[in-house]
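To keep things clear, I will list the structure first and then write my remarks on it.
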Amino acid sequence: MRTILPDTRFHLLFLAGTLVLSATTALAEQYDFLEQFEDRSSAWSREITTAPVERVKPLAGDLQPFYEDFARDGEVTLYIGYGYEAWSPNRATSLYNMMLSLASAYGLRTGNWQLKDQKIRFTDLNRNIKYRITVGGDRESFINAFANHEVVLYNGHSRYGRGPAFGSFTNYFRMGNVYKKIEVDTRNPYFLQEPMLLTDRYPPLNVILGGWNYQYQYRGQKSFSSNLPADAYTKNIPGMDTDLRRTTFSPGRQIIYLYSCKNIEYWKTPLRTLLPDPTQKFIFGTDEDGYAGTKPDAVMVMSIVRRLIHSDQIVRNLNATGDCANCFTSY
């Protein structure tokens, strides 16, 4: 794929006066001018839940130590994982154009912008810090990002608390606290070695498929939200935060950003049990439904480039994107 050089029109200050105030004020900013770059090519399914999530005050954090640690080697690495229905080959282009526009609107002195092979590269010329952003859409790359990147972002479904889902509704990274067991197709390569649960109620059966023997328990699904087809060869495996507890995290400071429906309800407890110190791992999440737009992601990345110290200002700006009903918080 050829390198895409920034179009000069992206360096204009769009809709002069629309982006309001500097980073030092307490008011929120406005981001309607980013809508022209939004990628709406994928369908988005609502996750229907009945119980409202209790909204709590966002956790306040000082992010200055994070920025200092990130910049020690002159390079900040970020990974953005787009889950099922959020992923599109055009996401990186959408994100790239939004970030260019924001850099101009904020008056940031940046250069060396590149977009190639789902990777975005640019430099903060004032501080001589390079930013390296990888955009992905698969489960294993997302898992590995926690060990290899200073900032890890996810945009996608919560799967009713099962965890981020990549490639399909049933290909989870299990990190929730709702489902002690989940139904999966026994042929799913990610879950081939998982122990089978509920065997007293549903004794294992065997089927030969493509010359391979698989154990399963029944056809279709018994949980309405599993999203398995009626002809699936289904087995029950451990849910909860099984994959999260197996994940290797970088020993240094990290910022984690999770844009998915009501994830504070599902993921806060597992994450904070495993990663209890917010001065080392700071988390931005959501307490209401979201719609997988790119604007919050671009604002989050540029908040880090701007080195916004106060997490509450970042939360305000994420909510000002209007992609959800003030769903962003921190925990």
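The values are calculated or read from the model by the stated rules, or taken from the named source; none is laboratory data. What you are looking at is a predicted structure, and each value in this text was computed from that prediction instead of being measured. Cβ atoms come from the backbone with ideal geometry, glycine included; neighbour counts cover every protein chain shown.
Within region 239-250, does at least one residue satisfy the condition of being assigned to a strand (DSSP E or B) and within 21 Å of Q193 (Cα to Cα)?
no
I'd like the residue in region 202-227 that is out of contact with any strand residue (DSSP E or B) (no Cβ under 8 Å at 6 or more places or on another chain) and surrounded by 14 or more Cβ atoms within 10 Å (Cβ to Cβ) and, out of all such residues, is modelled with the lowest pLDDT.
S225
State all residues of region 288-306 that are modelled with pLDDT of 95 or more and either over 22 Å from A92 (Cα atoms) or not assigned by TED's automatic domain parsing to the domain that holds N126 (or both); if no residue qualifies, say none. Quick ask: steps written out before the conclusion?
Kept after step one, since they are modelled with pLDDT of 95 or more, are these residues of region 288-306: 293-306.
Result: no residue meets the conditions.
For region 178-204, what are the residues that are among the hydrophobic types (A, V, I, L, M, F, W, C) and within 27 Å of the chain's Cα centre (by Cα)?
V178, I182, V184, F191, L192
Can you tell me which residues in region 134-181 are among the hydroxyl-bearing types (S, T, Y) and part of a helix (DSSP H, G or I)?
S141, Y160
Give me a count of the residues in region 74-92 that are touching a Phe, Trp or Tyr at 6+ places or on another chain (Cβ under 7 Å) and surrounded by fewer than 18 Cβ atoms within 10 Å (Cβ to Cβ).
Counting residues in region 74-92 that are touching a Phe, Trp or Tyr at 6+ places or on another chain (Cβ under 7 Å) and surrounded by fewer than 18 Cβ atoms within 10 Å (Cβ to Cβ) gives 1.
Which one of these does I264 not meet: (1) under 20 Å from F33 (Cβ atoms); (2) crowded, with 21+ Cβ neighbours inside 10 Å; (3) of a type in the set (A, V, I, L, M)?
Unmet for I264, out of (1) under 20 Å from F33 (Cβ atoms); (2) crowded, with 21+ Cβ neighbours inside 10 Å; (3) of a type in the set (A, V, I, L, M): (1).
Check R132, R121 and return the single one that is within 16 Å of I304 (Cβ to Cβ) and over 17 Å from the mean Cα position of the chain (by Cα).
Working: R132 fails: over 17 Å from the mean Cα position of the chain (by Cα).
Unique residue meeting the criteria: R121.
Of (1) touching a residue at least 12 places away in the same chain (Cβ under 8 Å); (2) part of a loop (DSSP other than H, G, I, E, B); (3) surrounded by fewer than 16 Cβ atoms within 10 Å (Cβ to Cβ), A230 satisfies all except one. Which?
Only one criterion is unmet by A230, namely (1).
Filter region 108-143 down to residues that are among the aromatic types (F, W, Y) and crowded, with 22+ Cβ neighbours inside 10 Å and give me whichever is farthest from V76 (Cα to Cα).
Only one residue fits best here, namely F142.
If only one of A105, A71, A51, A43 is farther than 17 Å from M300 by Cβ, among the aliphatic types (A, V, I, L, M), more than 17 Å from the chain's Cα centre (by Cα) and surrounded by 15 or more Cβ atoms within 10 Å (Cβ to Cβ), which one is it?
Selected residue: A71, the only one of A105, A71, A51, A43 that is farther than 17 Å from M300 by Cβ, among the aliphatic types (A, V, I, L, M), more than 17 Å from the chain's Cα centre (by Cα) and surrounded by 15 or more Cβ atoms within 10 Å (Cβ to Cβ).
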